[in-house]
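Remarks on the structure that follows.
The values are calculated or read from the model by the stated rules, or taken from the named source; none is laboratory data. Here the structure is a predicted model, which is why all the values come from computation and not from measurement. We place every Cβ from the backbone using ideal geometry, glycine too, and count neighbours over all the protein chains shown. Note: areas computed on protein heavy atoms with side chains; ligands, DNA, RNA excluded. Shrake-Rupley method; radii C 1.70, N 1.55, O 1.52, S 1.80 Å.
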Amino acid sequence: MLLSACQPRDDRNVVQVDLTEGPRVVAASDIAAGRYIVATSGCNDCHTPMYAQTGGATPAEAEWLKGSSEPHTGPWGTSYGKNLRLTVASVSEDEWVTLLGTGSSLPPMPWPSVRNMSEYDRRAIYRYIRSLPGDRGRPAPAPLPPTSVAEPGSADRP
């Protein structure tokens, strides 16, 4: 039986992290941290078409976060996952951090959770989205009021 607590400690691979500003994701880079947050926080479920329906099997990462025409309907009406690539392209990093810290919009966006992210994590998400290859895509459809009903596939029509 080997007890690791009795073994000499090897500090060569220990990374020191300054957490004086609170908890945050620690990764090899801020872009890797952003990817981790996006991949584990459900961002793709609404902001990437077919991601949730395929259990994350599609689309390829190069297509992530381009917005979705898949409707989310409830008492608020119908909302669509915004194209976060276009949003990031239209704001500075500081504006993004403020947006995520103060934002509010229609469900199912989990604003209470997003507002509780550290500034570091918000910046990491911004940098990750900026790093994604390929075109930025098109805007997602505008939300519909509660009295309107989204027809299946209607958001894909011109």
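Values as computed for the structure displayed
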read-out: Conditions (1) farther than 16 Å from ILE37 by Cβ; (2) within 11 Å of the chain's Cα centre (by Cα); (3) not acidic (Asp, Glu): number failed by TYR126; value: (1)
read-out: Answer residue from region 82-99, given it is under 14 Å from the mean Cα position of the chain (by Cα) and surrounded by fewer than 19 Cβ atoms within 10 Å (Cβ to Cβ) and is nearest to ASN116 (Cα to Cα) among those; value: LEU99
read-out: Selected residue (criterion: modelled with the lowest pLDDT) from residues of region 19-46 that are part of a loop (DSSP other than H, G, I, E, B) and among the small types (Gly, Ala, Ser); value: GLY22
read-out: Among (1) under 19 Å from ALA140 (Cβ atoms); (2) at pLDDT below 90, the one test that GLN16 misses; value: (1)
read-out: Region 24-81, residues that are of a type in the set (Val, Ile, Thr), over 15 Å from ARG122 (Cα atoms) and open to solvent by 70 Å² or more (accessible area, probe 1.4 Å); value: THR73
read-out: Scope region 50-76; condition in contact with a Gly (Cβ under 9 Å, 6 or more places away or on another chain) and closer than 23 Å to PRO146 by Cα; matching residues; value: GLY67, SER68, SER69, GLU70, HIS72
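Here's the yes/no breakdown for (1) closer than 19 Å to SER68 by Cα; (2) surrounded by fewer than 15 Cβ atoms within 10 Å (Cβ to Cβ); (3) among the small types (Gly, Ala, Ser); (4) modelled with pLDDT of 95 or more:
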position	(1), (2), (3), (4)
ASP121	no, no, no, yes
ARG127	no, no, no, yes
SER131	no, yes, yes, yes
GLY134	yes, yes, yes, no
PRO141	yes, no, no, yes
PRO145	yes, yes, no, no
PRO152	yes, yes, no, no
